[in-house]
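Enquirer: The structure follows.
The values are calculated or read from the model by the stated rules, or taken from the named source; none is laboratory data. A quick note: this is a predicted structure, and the numbers were derived from the prediction, not measured. For neighbour counting, all protein chains shown are included, and Cβ atoms are generated from backbone atoms with ideal geometry for every residue, glycine included.
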Amino acid sequence: MRRTRTLLVVMAVLMILAGCGNTNPQAGGAGTEPLRLGFSAWPGWFPWQVAEEKGLFEAAGLEVELTYFESYTDSLNALKAGQLDANSQTLGDTISSVSGGAKQVVTLVNDNSTGNDQIIVAPGINSVADLRGKTVGAEEGTVDHFLLLLGLQKEGMSAADIDFKPLPTDAAAAAFAAGQLDAVGAFAPFTTTALEREGSKALFTSADFPGSIPDHVVFTREFVDKRPDDVQKLTDVWFDTLAYIKANPDESVAVMAKKAGVSVQDYADYDKGTSIFSLEQNLAAFAPGEDMANLNFAAKTIAAFLTDAKLVDETPDLSGLLDDRFVKAVDKS
């Protein structure tokens, strides 16, 4: 009896020690803190809601604390402040954060905006030149501000030629719909709100500037260094989610539309304005090149533009920004 009880005690101690060995947050597995992932209102990021509701994180052995942000800017700030491990955000906004000293890494391309970012104008405005002296609202320093400046620059104009009003995207869209602005920069689903104004229309969109607004999963450098296995699992889950959506389109669109707060038909209409990237497109985007389709070139081009437009104080160091090892390691079978 003594021997049996001694063996039980020894086994219990070994189990406790084994459990303690898994509390290292760098190790992964039991005892690891959840991966804190943020996303906000954008068609290319709503698939994360499908992943959560359909148990795809758990199926991959990954505990995820998924946080939805009503304000996109709040998600950017949360990642910078260390309140998230990863966020869904644009390349331009990531470069802005890096210019301010944030250590961030792009590990995956969710999509390219191909029309769902829009500069929407009131009746009577029919050209970029017509924006001169007009009141234009957008979320300062984010992607639609960037799109606005690209459009102005193309026509030989600048921010000095308009009356710019910095507003959160949802507030800007609502203000425009109420007739308080002459034009607004907004992304889907907030474009639907803006276009409720009678006679309004999109003057130009991200489709007019191909490759200028790629959207990504962006991690803190610290998390990538400490928990690369969990970065890989999240990357795998993304492609599993895309496969699930393809196999179950009606069910998946219903989930995403509900989270977006729009009808299924409205959400389906966003499809053509967002080009979700396949694994092959991810690999091509991360490959070095001299085109906006190549992330290394796009990053340098966007960084130079942000600096010239004085949206950042100085051109940031982009070394280590792009990490393609996780998309390269996705099972292609």
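Enquirer: In region 44-78, which residues are part of a helix (DSSP H, G or I), small (Gly, Ala, Ser) and under 17 Å from the mean Cα position of the chain (by Cα)? Even if it seems obvious, please write down each step before you answer.
Expert: First pass over region 44-78, keeping only residues part of a helix (DSSP H, G or I): 47-53, 56-59, 72-78.
After this cut, where a residue has to be small (Gly, Ala, Ser) as well, the list is 51, 59, 75, 78.
Correct list: 51, 75, 78.
Enquirer: On to the next question. In the set 211, 199, which member is surrounded by 14 or more Cβ atoms within 10 Å (Cβ to Cβ) and either farther than 28 Å from residue 83 by Cβ or not acidic (Asp, Glu) (or both)?
Expert: Working: 199 fails: surrounded by 14 or more Cβ atoms within 10 Å (Cβ to Cβ).
Of 211, 199, the one residue that is surrounded by 14 or more Cβ atoms within 10 Å (Cβ to Cβ) and either farther than 28 Å from residue 83 by Cβ or not acidic (Asp, Glu) (or both) is 211.
Enquirer: Would you please name the residue that is nearest to the chain's Cα centre (by Cα), looking only at residues in region 313-333 that are among the hydroxyl-bearing types (Ser, Thr, Tyr) and loosely packed, with under 14 Cβ neighbours inside 10 Å?
Expert: We begin by selecting, within region 313-333, every residue among the hydroxyl-bearing types (Ser, Thr, Tyr); these are 315, 319, 333.
Still in the running and loosely packed, with under 14 Cβ neighbours inside 10 Å: 319, 333.
Working: 319: 20, 333: 27 Å.
Only one residue fits best here, namely 319.
Enquirer: From the residues in region 179-236 that are more than 14 Å from residue 120 (Cβ to Cβ) and of a type in the set (Val, Ile, Thr), which one is farthest from the chain's Cα centre (by Cα)?
Expert: The extreme case among them is 224.
Enquirer: Kindly provide the set of residues from region 63-84 that are in contact (Cβ under 8 Å) with a residue 60 or more places away in the chain and surrounded by fewer than 22 Cβ atoms within 10 Å (Cβ to Cβ), ordered by number.
Expert: 68, 70, 71, 73, 82
Enquirer: In region 255-295, how many residues are more than 24 Å from residue 118 (Cα to Cα) and among the hydrophobic types (A, V, I, L, M, F, W, C)?
Expert: Of the residues in region 255-295, 6 are more than 24 Å from residue 118 (Cα to Cα) and among the hydrophobic types (A, V, I, L, M, F, W, C).
Enquirer: With (1) among the charged types (D, E, K, R); (2) surrounded by 21 or more Cβ atoms within 10 Å (Cβ to Cβ); (3) out of contact with any helix residue (DSSP H, G or I) (no Cβ under 8 Å at 6 or more places or on another chain) as the list, and residue 93 as the residue in question, which single condition is left unmet?
Expert: Unmet condition: (3).
Enquirer: May I pose another question? Of all residues in region 261-288 being of a type outside the set (Ser, Thr, Tyr) and assigned to a loop (DSSP other than H, G, I, E, B), which is nearest to residue 90 (Cα to Cα)? Don't jump to the end; show me each part of the working.
Expert: Let us first name the residues in region 261-288 that are of a type outside the set (Ser, Thr, Tyr), namely 261-262, 264-266, 268-269, 271-273, 276-277, 279-288.
If we keep only those that are assigned to a loop (DSSP other than H, G, I, E, B) too, we end up with 261-262, 277, 287-288.
On the way: 261: 22, 262: 22, 277: 14, 287: 18, 288: 19 Å.
Per the criteria, the residue is 277.
Enquirer: If a residue counts only when it is free of Cβ contacts under 8 Å to residues at least 60 places away in the same chain, which helices (runs of 4 or more DSSP H) contained entirely in region 128-232 have at least 2 such residues? Please lay out each step first, then the result.
Expert: Working: elements: 143-154, 169-177, 190-194, 221-226.
Where helices (runs of 4 or more DSSP H) fall fully within region 128-232 and carry at least 2 residues being free of Cβ contacts under 8 Å to residues at least 60 places away in the same chain, they are 143-154, 169-177.
Enquirer: Could you list, in sequence order, the residues of region 220-238 that are in contact with a helix residue (DSSP H, G or I) (Cβ under 6 Å, 6 or more places away or on another chain) and of a type in the set (A, V, I, L, M, F, W, C)? Steps first, please.
Expert: Initial filter on region 220-238 (in contact with a helix residue (DSSP H, G or I) (Cβ under 6 Å, 6 or more places away or on another chain)): 224, 231-232, 235, 237.
Matches in region 220-238: 224, 231, 237.
Enquirer: Confirm whether residue 30 is of a type in the set (A, V, I, L, M, F, W, C), at pLDDT below 95 and outside any helix (DSSP H, G or I). Full working, then the answer.
Expert: Details: of a type in the set (A, V, I, L, M, F, W, C): yes; at pLDDT below 95: yes; outside any helix (DSSP H, G or I): yes.
Judged against the criteria, residue 30 is a match.
Enquirer: Return the residues of region 173-187 that are out of contact with any Leu (no Cβ under 7 Å at 6 or more places or on another chain) and surrounded by 24 or more Cβ atoms within 10 Å (Cβ to Cβ); say none if nothing qualifies. If you could, list the steps in order and put the result at the bottom.
Expert: Step one: filter region 173-187 for residues out of contact with any Leu (no Cβ under 7 Å at 6 or more places or on another chain), giving 173-174, 176-182, 184, 186-187.
The answer is 173, 176, 181, 184, 186, 187.
Enquirer: Of 309, 285, which residue is closer than 21 Å to residue 218 by Cβ, among the small types (Gly, Ala, Ser), in contact (Cβ under 8 Å) with a residue 40 or more places away in the chain and touching a helix residue (DSSP H, G or I) at 6+ places or on another chain (Cβ under 7 Å)?
Expert: Details: 309 fails: closer than 21 Å to residue 218 by Cβ.
Answer to the check: 285.
Enquirer: I would also like to ask the following. For region 32-46, which positions are of a type outside the set (Ser, Thr, Tyr), touching a residue at least 60 places away in the same chain (Cβ under 8 Å) and more than 18 Å from residue 260 (Cβ to Cβ)? Quick ask: steps written out before the conclusion?
Expert: Residues of region 32-46 that are of a type outside the set (Ser, Thr, Tyr), as a first pass: 33-39, 41-46.
Filter once more, keeping what is touching a residue at least 60 places away in the same chain (Cβ under 8 Å): 35, 37, 41-46.
Within region 32-46, just 35 meets the criteria.
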